[in-house]
1. Sort out which residues of region 33-69 are β-branched (V, I, T) and at pLDDT 95 or above, and write them in order of number.
2. For a quick check of your reading of the model, give me the residue pairs whose first member lies in region 26-51 and is over 15 Å from L84 (Cβ atoms), whose second is open to solvent by 90 Å² or more (accessible area, probe 1.4 Å) and of a type outside the set (K, R), with beta-carbon atoms closer than 7 Å and at least 6 apart or on different chains.
3. Could you say whether any residue in region 24-34 is surrounded by 11 or more Cβ atoms within 10 Å (Cβ to Cβ) and small (G, A, S)?
4. Could you grab me the full set of residues in region 52-85 that are among the polar types (S, T, N, Q) and in contact (Cβ under 8 Å) with a residue 60 or more places away in the chain?
5. Find the strands (runs of 3 or more DSSP E) located wholly in the chain whose residues include 3 or more that are touching a helix residue (DSSP H, G or I) at 6+ places or on another chain (Cβ under 9 Å) and on the phi < 0 side of the Ramachandran plot, and list them.
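The values are calculated or read from the model by the stated rules, or taken from the named source; none is laboratory data. Please read all numbers here as calculations on a predicted model, not as lab measurements. Quick reminder, even Gly has a Cβ in these numbers, built from the backbone with ideal geometry, and neighbours come from all protein chains shown. Accessible surface is based on the protein model in full, side chains and every heavy atom, while ligands, DNA and RNA are left aside. Shrake-Rupley method; radii C 1.70, N 1.55, O 1.52, S 1.80 Å.
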Amino acid sequence: MKADYLEESLLRELEERLLQADVRKSAKDVMDLLADEFIEFGSSGRVFNKQQIIDSLQNEPIEPVTQRSITEFKTLVLATRVILAQTAEASHPLLGV
């Protein structure tokens with residue numbers, strides 16, 4: 001079952017915050033956004049926990065002329081208070097830079 005509109009909107013908003021360069025570079029912001037039990041299943045099939053994501057984002061090169069966006073967003077309720085958010089993302093050059 002898909003998450004309700006309010007839950008899905010909130011999750012999408014949080015996912016979009018994680019795409020912002022200033023948030024990605026702030027370990028504190030990422031810690032605040034991700035649950036301690038957070039698990040990400042990457043497109044490569046690799047599995048990442050919260051600390052691995054924080055470490056990876058700290059080492060991510062800064063691309064000031066690139067903007068990230070969500071191209072696909074789906075949710076699936078797995079259990080009470082447990083929602084799987086599935087996203088696809090793209091990087092775009094900023095126009096006029």
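1. If the condition is that a residue be β-branched (V, I, T) and at pLDDT 95 or above, then V47, I53, I54 are the ones that fit.
2. Listed by first residue and then by second, the contacts come to N49/I39; K50/D36.
3. Looking through region 24-34, at least one residue is surrounded by 11 or more Cβ atoms within 10 Å (Cβ to Cβ) and small (G, A, S).
4. Within region 52-85, just T75 meets the criteria.
5. 66-79, 82-93
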